[in-house]
Amino acid sequence: MTAADEKRLPLVIVKLNGGLGNQFFQYALGRAISIRNNVTLKLDISGFETYKLRQYSLRHFNIVENVASADDIARFRQTGTKRLVNFVSGLGVLPDSFRFTTIVESGFSFCPQVLQARGNLYLDGYWQSEKYFKEIEDVIRREFTVKYRADPVNEQVGQRIRNTDSVCLHIRRGDYASNPEINKIYGLCSLDYYHTAVRELTGGLATPHFFVFSDDLRWAQENLKINSPVTFVGHNGGSKDYEDLRLMSLCKHYVIANSSFSWWGAWLGSHPAKMVFAPGVWFQTQQHNTRDLIPDSWRVI
């Protein structure tokens, strides 16, 4: 196939940004649309060249990895060939005749019309709802597995998780706590939230063992009050967040933070009697409608 032939094939490009959890959501929507339309999915990772706070992290997983070239991305920026569409509730399905369409997420809630889009597409948003990829859940679970075997330390912790009535408890602080502007948007899950979830779990489980994951383990050790066995998991660090996510997914039950990272840890967990507790307030601001963020089977506190 020549380069000219390839340019004539339909293509879906998804823009990746943010941390691993955000990249998972973005990829999952792109993958769902690519399967629906039987077209190639490519990943625009160019933003990480200038955004140094995060890095492209999907390379560690068994995804269909096609990185968009500069030429691919330029196709969506040519004057006269790009249609900018902000999807809102109630908008009709896009006709197939649009040559190039950039879909920019305009709200936080699920927009089903996005899944009906056809033709050459560029997806720009966060897309934080399982409703975007629920129909290919088995594909996503398979592809969001780590490519390589765990090292001895992670394998040992993983075995402890498998062999206990394990509860993953995630505390997200970092810039949520240190950056006043970010704190205004997200805020922090309260200790009362965590202690309420712990009480619920200890009341329903015979021998719970809590595995605590956090970007501020010292704070967690000083403030969490849990009268059950606790393991603080801090050996991987930020550069191996994929290993922490793998360990999270092995747990049987979950107490997540207002974090896409622990959202995915819980979602990927496969224990048939899984209990997941999630915070009722995901953002400090009221501008985002989070009704489609938390799966129906999870319990909101």
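The values are calculated or read from the model by the stated rules, or taken from the named source; none is laboratory data. Treat the numbers as computed from the prediction; the structure is a model and nothing was measured. FYI the Cβ positions are ideal-geometry reconstructions off the backbone, even for glycines, and counts take in every protein chain you see.
Worth a mention:
- Restricting attention to region 239-257, the residues that are small (G, A, S) and in a helix (DSSP H, G or I) total 2.
- Subset of region 240-296 (residues that are farther than 15 Å from I171 by Cβ, among the small types (G, A, S) and in contact with a strand residue (DSSP E or B) (Cβ under 7 Å, 6 or more places away or on another chain)): G269, G280
- Residue within region 247-259 that is surrounded by 16 or more Cβ atoms within 10 Å (Cβ to Cβ), of a type in the set (V, I, T) and in contact with a Ser or Thr (Cβ under 7 Å, 6 or more places away or on another chain) present: yes
- Residue check for A177: part of a helix (DSSP H, G or I), closer than 21 Å to N236 by Cβ and modelled with pLDDT under 95: yes
- Evaluation of N236 against the conditions (1) farther than 19 Å from L250 by Cβ; (2) part of a loop (DSSP other than H, G, I, E, B); (3) not hydrophobic (A, V, I, L, M, F, W, C) shows that the sole unmet condition is (1).
- Meets criteria (farther than 25 Å from R59 by Cβ, at pLDDT below 95 and under 22 Å from the mean Cα position of the chain (by Cα)) for I171: no
- When L43, L58 are screened for being more than 20 Å from D138 (Cβ to Cβ) and hydrophobic (A, V, I, L, M, F, W, C), only L43 passes.
- Total residues in region 27-41, condition closer than 16 Å to F76 by Cβ and surrounded by 21 or more Cβ atoms within 10 Å (Cβ to Cβ): 4
- Residue match in region 268-289 (condition: of a type in the set (A, V, I, L, M), surrounded by fewer than 21 Cβ atoms within 10 Å (Cβ to Cβ) and under 16 Å from the mean Cα position of the chain (by Cα)): yes
- Restricting attention to region 42-53 and to residues that are of a type outside the set (K, R) and not in a loop (DSSP other than H, G, I, E, B), the residue that is surrounded by the fewest Cβ atoms within 10 Å (Cβ to Cβ) turns out to be E49.
- Single condition D165 does not satisfy, out of (1) under 28 Å from R54 (Cα atoms); (2) acidic (D, E); (3) over 22 Å from the mean Cα position of the chain (by Cα): (1)
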